[in-house]
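The values are calculated or read from the model by the stated rules, or taken from the named source; none is laboratory data. Keep in mind it's a predicted model, so treat the numbers as computed, not measured. Here the Cβ positions follow ideal geometry from the backbone for every residue, glycine too, while neighbour counts run over all protein chains shown. Accessible surface is based on the protein model in full, side chains and every heavy atom, while ligands, DNA and RNA are left aside. Shrake-Rupley method; radii C 1.70, N 1.55, O 1.52, S 1.80 Å.
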Amino acid sequence: MVRRILHIDMDAFYASVEQVDHPELVGKPVVIGGSQRGVVAAASYEARKFGVRSAMPIFEARRLCPDGVFLPVRRQRYQEASHQVMQVLDAVSPLVEQVSIDEAFIDITGTKSLHGPETALIKKIKEAIKHRTCLTCTIGIAPNRFLAKIASEMNKPDGWTIINGEDVAALLQNLPINKIPGIGPKTAQVMKELGIRTAVDVLRFSQEFWVKRLGKGGVDLYERAHGIGPTAVIPHRAPKSCSAEDTFAADTGDMEKLKKWLVCQAEEVGRDLRKHRVKGKTITLKVKFASFKTMTRSTTLPKATHSTRIIYDTALKLLLALKLTEKVRLIGVGVSNFAVGMEQRSLFPNTFLHKQEDLDRALDRIHNKFGCEAILRGRIGEIESD
Amino acid sequence: MKIQMETALLTGVLQKVLSITEKKTNIPILSNTLIKATDHNAIEVSATDLEISLRTEVGAQIESPGTATVSARKLLEVVRELPYERIILEDQPGGKLQVHAGRARFELQTIPAEDFPYLNFHEGSEFSRCDASLLRKSLSKTLYGVPTDEDHFSVAGLYWHPVEPDGLRFVSCDGHRLAYFQVPVESFPDLRLTKGIIVPRKGVQEIIRILEKESEASLSIDENCLILKTPGTVLSIQLLDAEFPEYQVIIPEERPFSLELDRDAFFSALKRMAVLTDNRWRHVRFSVKENVLRLEAGNPEIGNADDVLDVEYQGEEFTIAFNVRYVMDSMQSIESEKIRFEWLDTFHGGVFVGQDDPDYFSLVMPMIV
């Protein structure tokens, strides 16, 4: 089946939200930014006419557009508007992938009988979004992701473009190479030296030529120039578990070795959980034996954790309870059953836990700054089995 | 052994002993009840889980004395199904106990009575009479705070704590909340508790159950056991050998803020909020503002709820969240038309007390995001 991918891009999102909230700003050049690093976060179309662009220093924007309205970033409000837009999109297809606060891909393959022709669907989405948020957007529909994105950029603002399979060749004829995703300033420079301006120019050289020049990226470039690109739309789901596992170079029955692997894995899993600010209640140990027989054992803790030490201690208990009758090929540890909502405070503070949390925090900071090799847990690997 | 007795009486005693017998045990005899027929007009029925033992007497017509142990659960199930007023229990060759009523006949497997553990009811120790209904009330009001499992920070038992100058406190504490009920020590005149004792959760439940139908009771403490005697029944509970947490230190002495609530209105509002809580989202948020208490609960998965109660309050705005069940448990224990919610800040527990129930105290630790 031919895929049909829809890309939706909100028009001057932050600035438009401000104009919705402050109708007196409609028609005026609005520039959002300033609070962080002093650069422009977004500019209304009116401000863009003066040459104001995203990521431009604020002082530069003030020079270009002295009469502009400069507003601070209200991220929470934009999130809220974004959430409303996504709710509209979720009703279109189960395959919705939000890629940024104001952009999303939707796989609309085979939804014709539900939504009617593509033009009708576009109208429906645009109207629903306008109704919910008073905002406008631009929509592109094409056979794959990168063409859909290109399509959505073609008729901004408040427009739409549909690219059918038969239109692709003509489109590529005149497509400037800097519109192809993955072409940064460096590659663009290489291209320029070779006299390449449009996508079709890329095809004057063989794929091998590009692979030699650009490595793996060469294959992608060659495919894009043919109008071929990824179509998979992956809806974002919050992860439900977090795990780490390793297969050994040689099977082992050495308990000390297994413990050391567990320490590393508990650390990896713990760091990941802490990074995402989640705690899990269920700890699972996975062991694959030399015979490929796999066993998993899990236990549920009374209190959710993201502490490396508690993950390790729990996994070790599970390991010690297993009878290792043969050598082990793989070991892994996972944490799932994530806690949500609020955490219950205890009557009596758990000093052991507090110390472990302090230790985790300190190690995470060192790891983030100097890399994982900078500091390792020494003693935890030597804990005697109980 | 051959006994003839009223079916209803046997059902009653079996119900009493069933909760003592161990459900999950690898010692089969602990699921059995010991039936002893020695007297002419009564039998003794006993059970034990090795930590708690119960013996109770019930009227029966003894045709020939003897002893037998049989599965308490099976015997109860059989007896319950019999539509006859009188039944006969008789031992059979081959270690069977025959239950016989009308034309129905059951043969249950037994284990020899000699294998039944020795039950020590400390008959020689000194018993002191106590106020049975006050004891039951004290235990019932605080049982909810006794944790079902023991962990590092809580003890799975109810603490009987003598306090200066002349009080006895029944204290429960599960690591997240604390409850106590204080009675004058004279209510238990000769018990002479010099230091606190910890009665395991199951023991507390058994005492409550036994006292449901009794008005007379006496207590004794002997060799780390608490023994309760009522006419016809004796219960022995092995006390927990543990250190009860220093619960007084976590009660904030100063609770500068408070508001008064109508217990019934507050409880039904909590119940409404609880509809939108579940095992993962348990909180109810309290927002106190001038003359209103706003309650909110809910989560992205089910939905949200809020409700507002009028209160008399003039202080600063304050927001705190609690596990809704914990607050409801406290409300169910307070016997007072008006209750007070007192607090210090979001780091210390909120206190719930009742005007007409001054001897009851409860503290619930907040939840944080």
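Looking at the range B:147-169, can you tell me whether even one residue there is in contact (Cβ under 8 Å) with a residue 40 or more places away in the chain and assigned to a helix (DSSP H, G or I)?
Checked against the condition, which is being in contact (Cβ under 8 Å) with a residue 40 or more places away in the chain and assigned to a helix (DSSP H, G or I), the range B:147-169 yields no hits at all.
Would you be able to say whether some residue in the range B:344-367 is out of contact with any Ser or Thr (no Cβ under 7 Å at 6 or more places or on another chain), among the charged types (D, E, K, R) and closer than 30 Å to residue B:184 by Cα?
yes
Select from the range B:256-282 the residues that are of a type in the set (A, V, I, L, M, F, W, C) and either open to solvent by 50 Å² or more (accessible area, probe 1.4 Å) or touching a residue at least 40 places away in the same chain (Cβ under 8 Å) (or both) and list them in ascending order.
Correct list: B:257, B:259, B:261, B:265, B:266, B:267, B:269, B:270, B:273, B:274, B:275.
Is at least one residue of the range B:346-364 over 30 Å from residue B:167 (Cβ atoms), touching a helix residue (DSSP H, G or I) at 6+ places or on another chain (Cβ under 7 Å) and open to solvent by 40 Å² or more (accessible area, probe 1.4 Å)?
No, every residue in the range B:346-364 fails to be over 30 Å from residue B:167 (Cβ atoms), touching a helix residue (DSSP H, G or I) at 6+ places or on another chain (Cβ under 7 Å) and open to solvent by 40 Å² or more (accessible area, probe 1.4 Å).
Name the residues in the range B:274-292 that are facing chain A (nearest Cβ under 10 Å), in contact with a strand residue (DSSP E or B) (Cβ under 6 Å, 6 or more places away or on another chain) and part of a loop (DSSP other than H, G, I, E, B), would you?
Hits for the range B:274-292 are B:277, B:281, B:282.
Against the condition in contact (Cβ under 8 Å) with a residue 40 or more places away in the chain and buried (at least 17 other Cβ atoms within 10 Å of the Cβ), how does residue B:200 come out, does it pass?
yes
Criterion first (farther than 30 Å from residue B:7 by Cα and either assigned to a helix (DSSP H, G or I) or away from chain A (no Cβ under 14 Å) (or both)) does residue B:105 satisfy it?
no
Scan the range B:309-330 and give yes if some residue there is within 12 Å of chain A (Cβ to nearest Cβ), at pLDDT below 95 and assigned to a loop (DSSP other than H, G, I, E, B), otherwise no.
Checked against the condition, which is being within 12 Å of chain A (Cβ to nearest Cβ), at pLDDT below 95 and assigned to a loop (DSSP other than H, G, I, E, B), the range B:309-330 yields no hits at all.
Identify the residue in the range A:1-48 that is out of contact with any Asp or Glu (no Cβ under 9 Å at 6 or more places or on another chain), buried (at least 17 other Cβ atoms within 10 Å of the Cβ) and acidic (Asp, Glu) and, among all such residues, is nearest to residue A:107 (Cα to Cα).
A:18
Which condition from (1) surrounded by fewer than 20 Cβ atoms within 10 Å (Cβ to Cβ); (2) touching a residue at least 40 places away in the same chain (Cβ under 8 Å); (3) away from every other protein chain (no Cβ under 13 Å) is the one that residue A:331 breaks?
Of everything listed in (1) surrounded by fewer than 20 Cβ atoms within 10 Å (Cβ to Cβ); (2) touching a residue at least 40 places away in the same chain (Cβ under 8 Å); (3) away from every other protein chain (no Cβ under 13 Å), residue A:331 misses just condition (1).
Among what's in the range B:49-66 and is polar (S, T, N, Q) and either closer than 13 Å to residue B:88 by Cα or not assigned by TED's automatic domain parsing to the domain that holds residue B:24 (or both), pick the residue that is surrounded by the most Cβ atoms within 10 Å (Cβ to Cβ).
Among those residues, the one meeting the criterion is B:61.
May I ask you to list the residues in the range A:254-300 that are open to solvent by less than 10 Å² (accessible area, probe 1.4 Å) and among the basic types (Lys, Arg)?
Of everything in the range A:254-300, just one residue is open to solvent by less than 10 Å² (accessible area, probe 1.4 Å) and among the basic types (Lys, Arg), namely A:259.
Starting from residues that are closer than 22 Å to residue A:129 by Cβ and charged (D, E, K, R), keep the ones in the range A:46-91 and report whichever is modelled with the lowest pLDDT.
Selected residue: A:75.
Looking at residue A:194, is it without any contact (Cβ under 8 Å) to a residue 24 or more places away in the chain and more than 27 Å from the chain's Cα centre (by Cα)?
Answer is yes for this residue.
Checking residue A:312 against (1) within 14 Å of chain B (Cβ to nearest Cβ); (2) at pLDDT 85 or above: exactly one of these is not met. Which one?
(1)
I need the full set of residues from the range B:216-239 which are farther than 24 Å from residue B:166 by Cα and not acidic (Asp, Glu), in order please.
Within the range B:216-239, B:229, B:230, B:231, B:232, B:233, B:234, B:235, B:236, B:237, B:238 qualify.
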